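Comments concern the structure below.
A short reminder: the numbers here are calculations on the coordinates, not readings from a lab. Remember, it's a predicted structure, so these values are computed and weren't measured experimentally. Using ideal geometry, Cβ is built from the backbone for each residue, glycine included, and neighbour counts are taken over all protein chains shown.
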Number of protein chains: 4
Amino acid sequence: MDHKQVQVTLIQLDNYGPWTGTIGADREHVLQSLQADLYSAIERRFAEREGLVFFNRFDEMLAVSNGITKTQHEEIQRSLRNEFPVTISMGIGVGENPFEAQRNASRLLQSIGSAQSERRSGVIASDRTLDIDESYVQIAHFDIDDITETHTDRSSAYETSLHVMKLYAELMQLFTKQNALLFFVGGDNFIGVANGVKLEEIESLLASYRSKQVRLKCGIGIAHSARKAAELATSNLDRIRNSNGEKPALTTTML
Amino acid sequence: MDHKQVQVTLIQLDNYGPWTGTIGADREHVLQSLQADLYSAIERRFAEREGLVFFNRFDEMLAVSNGITKTQHEEIQRSLRNEFPVTISMGIGVGENPFEAQRNASRLLQSIGSAQSERRSGVIASDRTLDIDESYVQIAHFDIDDITETHTDRSSAYETSLHVMKLYAELMQLFTKQNALLFFVGGDNFIGVANGVKLEEIESLLASYRSKQVRLKCGIGIAHSARKAAELATSNLDRIRNSNGEKPALTTTML
Amino acid sequence: MDHKQVQVTLIQLDNYGPWTGTIGADREHVLQSLQADLYSAIERRFAEREGLVFFNRFDEMLAVSNGITKTQHEEIQRSLRNEFPVTISMGIGVGENPFEAQRNASRLLQSIGSAQSERRSGVIASDRTLDIDESYVQIAHFDIDDITETHTDRSSAYETSLHVMKLYAELMQLFTKQNALLFFVGGDNFIGVANGVKLEEIESLLASYRSKQVRLKCGIGIAHSARKAAELATSNLDRIRNSNGEKPALTTTML
Amino acid sequence: MDHKQVQVTLIQLDNYGPWTGTIGADREHVLQSLQADLYSAIERRFAEREGLVFFNRFDEMLAVSNGITKTQHEEIQRSLRNEFPVTISMGIGVGENPFEAQRNASRLLQSIGSAQSERRSGVIASDRTLDIDESYVQIAHFDIDDITETHTDRSSAYETSLHVMKLYAELMQLFTKQNALLFFVGGDNFIGVANGVKLEEIESLLASYRSKQVRLKCGIGIAHSARKAAELATSNLDRIRNSNGEKPALTTTML
């Protein structure tokens, strides 16, 4: 799949900052529920179309959207408009690697108007989309070995979170250098969108953490769609989990 | 309010890791929606009772729950049981400061059983709860000045996230030293639960970041309940936002 | 509780008909989900305050809202505004009986503006509300005996529904004559809001249906709040269900 | 489309009656929210696949599911299992007309086990499904003329509901005689699934009600999928609504 590309959608809440100011100061709990509801609804719609969305920072989400057309993006946008009090705009970017794809998505969306413009509402910025057959994505699903035994059941909840979030910031940085993206997806799980990142690179990353007493494991999946690649990656991670250390810390499947 | 204490609830999904393994490998999108739905529902229930929940790592959430009784925790737990396919257990901790409170919550819950035990389901671990009148909480609501102009409308979405997540990991670490907790709440917003942290400390933190070209601003609120303290903090932050730099980067209200 | 009154809230979607026209003709599935989401959210909010909402016709819902203040109604209204793309208006009526209470609620709301007015949005019409101690409500929870054996597992689904809906229209009519309200609540269940309706009346209703080969049973609960009265009524109905016909078809509890 | 058939799915909550008994008597508000949440989620999933679901009695829903395969039904079932505390079973029926299709769906499901069996959980009963090209459905969307002016803004809310529910029971009965199905969908709206019912029959129905001072209007759509047929029907109804009585009370479009 050497010459295949990846498609990333940047999903941005329109004029969200100014809007939050209009609903009064007793709003944090409202925003937390609204952001979670929106993310859940957006995830479901992209997953129905074989994509996968990461909550990222909630006011901006990132989706791997291989094979999802502009018209399908419009369907998603329209259905959310009738369900929520805020609207979304989207930029659809295509690139040789995930970092480039999200940068293109960002530029396309920025060219249409500011995230805080009152006039920009419900737009989709796209110069082209990928057919599913010409798309590919490599998903790397990581977790931390034995975190329940070493942290959750021993340390305080906040100390565990501090450990996980430090690791997150480090891994984000490392992935950027490979033109890849990394997302925290809950618990002790991270998902990398890592087209073109070689197995040796990931093995070397795992090794460098082992030397710092952080034992990561990783399942990798490669497929045309994000949902399928994630399924393969998770399946490989499950196989490692169930092997009680007899299997290597890294396995891959390509569809 | 010198001698007042704070109450923190640790909310843990029961046997969540093993459960996810039972629903097949094509599950990441399912878990993302489920985690968001659960968080939204839990936030609404605590907010109805004047508390505030942080998503933290989604499989473990942390709530400031001043004044919420054990019986009210049981009501919340019961209502969620009839709405979701997974159950939650909770530890309710009381402490002189937020860090101690969450550590006590963690210990109480750990003493009852592992987060991955099949037998632990729907328990509440608590040795005591605080009346609202004997509770207090200091909430510090931070955001990054002009992030839309300096990042969102300029850099790529992922680079903005990397910037925010690095800052998050740093602030978490800094707050821990003050026996305080810090949570990312979306966008460029962080909320600190910071009983006893002096204004000078926060001013000094803002100054140290200004010298690194990161301009933070902060509104602080102090009240008996988490929801009220957050309202005051947000109200102060809004006032700074609307003052176009004429107001100081830090304001406080005590109820 | 002879002289106690009941409070009923009429909840109306603002300008709903015209709004639906703006979202295009491919909308029925959107409206079905939106109406259900709104009802679920409204039910949760009233139930948190010891009320009970009936979906009625979805664009107009009716709640027994004893003890829920105008301020609490405003809280409910405000929180929904930040969650949904449509707003609600409410009329709060007090009466000697449920029929009168809903008529007063209707008149108060009508006096403020048409349900299809573009200008009426998010209003609450109320001349007074009842303290919980001066409120009372009698809830009668009916179901059809052995409907699974006689219909669900034998007839077609639609024929069962036709049977239930005919019964619903008849019971609504009969209850109106008693200044009481009757609502279908799903399955083969009906809930009557029936302050002042005597046990003999209900026993006579059950007897008249028995003679037509429709075996109904009924649990009754009387309490200050709607949620408590419903709990007592359901508890009594459960007792009849579990008694295998040895208990009478009607039992009552007064708190 | 003379010889085309229609596919109807009966969606039944598994062992729902007994399950409700396990969650205590303070449950009516819980069930109301759960039923609405389930319906909303099921509607979204069928609509994504061009179907349309009617809430019917909530514990049993009916969907027009032309073109939706058994595998797609399984996907819907699986995704709901990970979102809700109750499971669903489904019967997929094909017939020359909608009544026959739902009767076949009912029989297939009944043959597998009782709706109240503890052992029947998450099954799908189907002997065949229809390709979208060999399917057809005629949807008739009715509403009551000027109900806002004649009822909503004049009578009490409950009296309006009584009027609508009586009409519903009557129309259900009339449709059954035509081997068609009729569903209340909220407000003053009814949707008929009426393959093969001739325009003259519907015109005659409208005329008979006009003579009783009930002015109905109706838009009809005919298409392969339920969602498309509903869109056409609603579009025709909108055209009548916007014509201020100049257009006839009945229009049809066939795709």
### Query
In peptide A:60-70, how many Cβ atoms from other protein chains are near each Cβ within 10 Å, on average?
1
### Summary
Here FRET efficiency (C-beta to C-beta, D:S211 to C:R210, R₀ 45 Å, nearest 0.05) is 0.75
## Note on the structure
Helix A:226-241: inclination vs chain A longest Cα principal axis, degrees, rounded to 10, gives 30 degrees
### Query
Can you give the net charge of the other residues whose Cβ lies under 10 Å from the Cβ of B:N189, counting K and R as +1 and D and E as -1?
-3
### Message
For D:D133, place a label point 7 Å from Cα along the Cα-to-Cβ direction in every copy; what are the distances to the other copies, in nm, shortest first?
### Response
1.9, 7.5, 7.8
### Task
Just add up the charged neighbours of A:F54: K/R +1, D/E -1, any other residue whose Cβ is under 12 Å from the Cβ of A:F54.
-2
### Task
Can you tell me the order of C:144-150, A:235-241 when each peptide is scored by its average per-residue count of other Cβ atoms within 10 angstrom, highest first?
A:235-241, C:144-150
### Summary
Note to self: C-alpha centroids of the range A:112-139 and the range C:190-255 sit apart, in Å, by 58 Å
### Query
Within 10 Å of each Cβ of A:160-169, how many other protein chain Cβ atoms are there on average?
6
## Note on the structure
homo-copy label distances at C:R154 (7 angstrom along Cα-Cβ), nm, one dp, ascending, are 4.4, 6.5, 7.7
## Note on the structure
Computed from the beta carbon distance with a Förster radius of 35 Å, FRET efficiency for A:D131 and A:T176 to the nearest 0.05 stands at 0.80
### Within the range A:46-91: Cβ-based charge dipole about Cα centre, in debye rounded to nearest 20 (Lys, Arg +1; Asp, Glu -1)
80 debye
## Note on the structure
Rounded to the nearest 10, the angle in degrees between the Cα long axis of helix C:199-210 and the longest principal axis of the Cα atoms of chain C comes to 70 degrees
### Task
Work out the charge dipole of the range B:137-254 with +1 on the Cβ of Lys and Arg and -1 on the Cβ of Asp and Glu about the Cα centre, then indicate which of B:F142, B:C218, B:L181 is farthest towards its positive end.
B:L181
### Message
Just the number: Rg to Rh for the range B:137-254, Cα atoms, Kirkwood Rh, two decimals.
### Response
0.95
### Position A:L174, label points 7 Å along Cα→Cβ, spacing to each other copy in nm (shortest first, one decimal)
2.6, 7.1, 7.2
## Note on the structure
With -39,500 (n - 2.57) per DSSP H segment of 4 or more residues and division by the full residue count of chain C, the 222 nm estimate, nearest 500 deg cm²/dmol, is -13000 deg cm²/dmol
### Query
Given H placed 1.01 Å from N in the peptide plane, which residues other than close sequence neighbours of C:F54 have an amide H under 5 Å from its amide H?
C:L62, C:A63, C:V64
### Summary
Per the rotation taking chain C to chain A, min distance Cβ-to-axis on chain C (residue, whole Å) equals C:P85, 3
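Classify the protein assembly as shown from the C-alpha gyration tensor, please: rounded if a/c falls under 1.5, else prolate or oblate depending on whether a/b exceeds b/c.
The shape class here is prolate.
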#### Entry: Rounded if a/c under 1.5, otherwise prolate or oblate - chain A, Cα gyration tensor axes
oblate
### Summary
Tilt, helix B:28-48 to longest principal axis of chain B (alpha-carbon atoms), in degrees rounded to tens, equals 80 degrees
### Simple label model, 7 Å out from Cα along Cβ direction - A:E203 to C:D146, nm
7.1 nm
### Query
Residues of C:6-16, mean number of Cβ from any other protein chain within 10 Å of their own Cβ, rounded to a whole number?
1
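Of all DSSP beta bridges in chain D, what percent run antiparallel (nearest 5)?
Restricted to chain D, the bridges split so that about 80 percent are antiparallel.
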### Task
Could you tell me what fraction of 2.2 N^0.38 Å the Cα radius of gyration of the range D:72-191 comes to, as a two-decimal ratio?
1.36
### Task
Arrange the peptides D:206-218, C:70-82, D:34-46, C:164-176 so that the one whose residues have, on average, the most other Cβ atoms within 10 Å appears first.
D:34-46, C:164-176, C:70-82, D:206-218
